[in-house]
Amino acid sequence: MKILKIIGFSLLVLIIALCFYGYNNLRDRHPGYSVDLKIESKEPRVMHAGFAAVTITPEYMDPWNDVDNNARYEPRKGDTYEDLNGNGKFDTYWIAGFGNRVAAQGVHDDLWARTMVLDDGNTRLALVAVDVIGMFHPMVIDIRKMLPEEAGITYLVITSTHTHEAPDLLGLWGESPLKSGVNKEWKEYIKKRVVQSVVEAMEALRPAHFRFSQNLTEGMVTLKDTREPYIFDEGLRMMQVTDAETSQTLGTLIQWANHPETLWSKNLLISSDFPHYLREVVEKGVYHGDSLVRKGVGGVALYVNGAIGGLMTTHASMEVHDPFLDTVYVEPSFDKVRAQGDTLGLIVLRTMEEKAVEVREAGINLRAKTFELPLKNRLFRIAAAIGIMDADMTGWMKKRTEAAVWSIGPASFITFPGELYPEILNGGVVALPGRDFPVDPQETPPLRDLMQGEFRFGIGLANDEIGYIIPKSQWDVKKPYVYRDKPYYGEQNSLGPETAPLLYSELHQLLEELPGTPLLSSKTEQFRDEVLERIKK
Ligand SMILES: [Zn+2]
């Protein structure tokens with residue numbers, strides 16, 4: 001009897017300890033935090049802009065100088081890692097994006113926090129593009145709280161490029177699924193470096209002009225959609241910022257939508273994947289061997305991703321043509337990624353030169369808001385409870401996240417906190433027999449149709465990474481399946497089926513409330529019908 005009592009008591013203590021542990025991991029680290037900004041621009045004027053690029057490459061990992069002789073090491077179960085770097089210290093960086101236990105073996109190219117600060121005299125907006133798989137909202141809040149007051153930032157957007165060739169920052173790709181893959185020192189280092197990047201860009205503020213351009217026809221190159229309906233976010237959109245006095249380029253924002261994972265799953269060298277080559281080309285030019293084929297524009301290039309859910313990828317089976325050599329790359333390699341960067345860069349540079357709309361005076365209209373999303377995904381719940389995912393719950397399985405919309409002259413921008421299925425942005429949400437929920441398309445009309453201006457940038461993985469944002473009428477985990485005899489990949493990396501309609505309605509409202517927004521066009525319905533017609537064919 002006594003033994004039973006002791007066991008019972010011990011179990012009770014264990015359960016209480018586990019509950020406390022889970023509660024502690026789920027608790028809100030930023031109680032009361034919220035954003036609710038609604039700012040209208042004053043009279044158009046010459047704005048100020050500043051750029052900065054700061055590396056976030058793990059500090060104590062030397063650049064790899066011996067790629068050709070790289071004796072690749074993929075740790076196996078039971079291996080010890082202590083000696084991996086010969087210093088008796090466990091400092092392995094687990095590469096995020098494909099599987100667990102992929103230890104980085106060196107650095108191919110630096111990872112960056114690249115910042116653009118824009119100031120219209122009334123609002124100071126900072127946009128940081130970071131070469132990581134994703135950044136959860138609590139880390140964004142931490143960084144905002146670290147910004148010095150004198151930086152005067154009205155609103156900070158941090159967007160992840162989603163490179164699948166950089167160390168884990170979300171926790172899901174560690175030594176085992178039950179161990180976070182985040183190197184904590186590196187995480188703290190990134191926070192400081194992002195702050196430094198913002199401060200440097202702020203200190204570099206100069207009177208500036210803008211050159212907006214876009215190429216909505218040629219961006220399909222090297223893109224694959226791995227799930228029906230085959231809707232892409234293939235447009236290439238550029239915002240080139242020049243010095244108002246010297247006309248020199250201060251920096252360029254480039255938005256496209258694709259997973260930076262062309263190097264695929266076997267690569268063990270830290271890299272930002274195709275954004276690295278694309279940025280190099282836009283800044284320094286396109287080279288064939290030693291000869292310059294097209295001049296770069298200089299300044300600091302930022303790459304931001306659009307709607308990449310669904311998902312948008314340069315699959316390992318896809319061909320990439322070298323724009324100069326009579327060579328086609330299929331096997332993932334740095335040559336393949338370079339060819340991709342060159343191809344995209346040539347399109348981007350030509351488009352910027354030929355089609356830009358110059359804007360000399362403008363102002364910033366801004367609407368930004370935090371809100372809650374239910375966390376329904378059971379695996380994510382467990383990951384959050386055991387501390388692998390930094391979820392920062394505001395209530396029982398409710399997660400705080402954020403979205404924003406802003407406009408500058410003829411350009412408008414929306415930011416969403418994860419990997420949006422492109423049909424939500426561009427149209428083409430379907431509701432087909434076999435779907436899990438008997439609902440019509442919820443996320444219509446397409447968000448891009450509700451945006452204003454000629455240049456409509458959609459920026460994903462912004463201020464959070466909530467995973468896939470799947471139209472509710474396309475949610476498909478139960479039999480019968482819509483397209484084939486097994487479910488598609490996607491739902492297991494989503495917060496849940498309510499994510500898309502809730503986020504859509506928030507963004508819809510923000511777009512309606514964006515100061516300076518003209519009444520919405522009645523053409524949206526017609527546009528949707530056209531897209532649906534196109535899909536049926
Ligand atoms: Zn992804």
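Annotations for the structure displayed:
- For Ala151, the shell of other residues with beta-carbons less than 13 Å away shows a net charge of -2, using +1 for Lys and Arg and -1 for Asp and Glu.
- Considering all different alpha carbon pairs of the chain, the Kirkwood hydrodynamic radius works out to 24.0 Å.
- Longest to shortest principal axis, alpha-carbon extents of segment 433-493, angstrom: 42, 25, 16
- Area of His321 that stays accessible when all protein chains are in place (1.4 Å probe, Å², to 10): 110 Å²
- Checked against a 26 Å cut-off, the cross-linked pairs Lys398/Lys479; Lys42/Lys192; Lys145/Lys284; Lys187/Lys398; Lys187/Lys266; Lys295/Lys336 give Cα-Cα distances beyond that limit for Lys398/Lys479; Lys42/Lys192; Lys145/Lys284.
- Shape category assigned to segment 352-468 from the gyration tensor of Cα positions, a/c cut at 1.5: oblate
- Accessible area (Å², per residue) of the chain, counting only protein heavy atoms and a probe of 1.4 Å: 42 Å²
- The Rg/Rh ratio for segment 299-392 is 1.12, where Rg is the radius of gyration of the alpha carbons and Rh is the Kirkwood radius.
- Short-range pairs are left out: with C-alpha atoms under 8 Å and at least six residues apart, the relative contact order of the chain is 17 percent.
- Theoretical ellipticity at 222 nm over the chain - DSSP helices of four or more residues, -39500 (n - 2.57) apiece, nearest 500: -8000 deg cm²/dmol
- Accessible area of the chain belonging to carbon and sulfur atoms, whole % at 1.4 Å probe: 53 percent
- Accessible surface, 1.4 Å probe, highest first, among residues Trp173, Trp396: Trp396, Trp173
- Across segment 148-273, the fraction of Cα-Cα pairs farther apart than 26 Å, rounded to a whole number, is 44%.
- Accessible surface for Thr242 stands near 10 Å², nearest 10, in the context of the full protein assembly shown (1.4 Å probe).
- Accessible area, probe 1.4 Å, largest first, for residues Lys369, Lys284, Lys191: Lys284, Lys369, Lys191
- Here, segment 91-224 yields an orientationally averaged convex hull projection of 10.6 nm² when only Cα atoms define the hull.
The values are calculated or read from the model by the stated rules, or taken from the named source; none is laboratory data. Remember, it's a predicted structure, so these values are computed and weren't measured experimentally. Positions of Cβ are backbone-derived with ideal geometry, glycine not excepted, and every protein chain shown enters the neighbour counts. All accessible areas refer to the heavy atoms of the entire protein, side chains included, with ligands and DNA or RNA removed. Shrake-Rupley method; radii C 1.70, N 1.55, O 1.52, S 1.80 Å.
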